[in-house]
Structure formats: C-alpha cells, structure tokens
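Notes follow the structure.
The values are calculated or read from the model by the stated rules, or taken from the named source; none is laboratory data. Computed from a predicted structure; not experimentally measured. With ideal geometry, Cβ positions are generated from the backbone for all residues, glycine too; neighbour counts draw on all protein chains shown.
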Amino acid sequence: MNNPRVMFDSQEPIERSDDSGAALPSTTCTFPATEKTKEKRCFISHSSEDAEWIKEMITKLEKENDIRCIYAERDFYPGKPILDNIVTSIRNSTIIIVALSPAFLDSRFCEYETQMALMEHLTTAPKQIVSIRLKE
C-alpha cells in the first residue's frame, strides 16, 4: 500500500495523571520528551478490520517521522477498562488520526474515540485531528 509521508509540528508533552491529579507510574503509555526533541504522540482511531494497514502506517510514522503512536495492542494497560485506556491515550496525544472505513463507521468504539477526541480538542487541550479515508 502507498502511505503518504505525514509531517506535524512539535508540541509540548502532556503528562499522564489519574483523576486526582496524581502522577501515574511510567509505562509504554507515557511519552516524555527527550532532551534533544519534543516527542510527538499520535492516537489512531480505527476499526480492528483495518489493522494491517494501520500497522504499516504506525511503522512509517514512528520510523520516518519521529511520531510515537499509541497502539491498543501494544500500549493499552492490561486489566484497565478499555474506555479508560482510550481516554488516557487521547489525552496523552497531540495528534489524533481518524482512519475512516465502512467498518469504522459501524463501530461504537470508533464513534466513542472520535467523540472523545473532539471533546478533548474543544475543552481541554487543542489537538491536531487528521482524517484519512481508507475505503469507499
């Protein structure tokens, strides 16, 4: 598949915390900035039916563009409710990619992720929201 090269502006890192404001332990969901560069974090809202294409895109974003992607299979906390993982991931991202496909439009989780991303963007911290149409 032919994936476009994606470039984004650098933004400040967002620290993870629980509802009380206490810092959470470091895991793969925490994305601190390095001394040399401010790391960009990206949450990709997609249907599991599009996982193969999404994995290719994640590889390109991380290797060619220095964007750290949050991927559920790799980065979500085991045992933590899925909705909590989604909210935490969106809050910790500076970039949200919405991968539109027929399966995406049929998924309640994808609808929830999109609504949460828009709510975060409008009420808390502005995000770069990018939509990509995968299929007709």
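Just so you know, in the range 116-136 the residues that are of a type in the set (A, V, I, L, M, F, W, C) and closer than 19 Å to Glu56 by Cβ include one that is nearest to the chain's Cα centre (by Cα), and it is Val130. Scanning the range 93-119 for residues that are surrounded by 19 or more Cβ atoms within 10 Å (Cβ to Cβ) and either basic (Lys, Arg) or in contact with a Phe, Trp or Tyr (Cβ under 6 Å, 6 or more places away or on another chain) (or both) yields Ser93, Ile95, Ile96, Cys110.
Take Ile58 and decide whether it is part of a strand (DSSP E or B) and modelled with pLDDT of 90 or more. The answer is no for Ile58.
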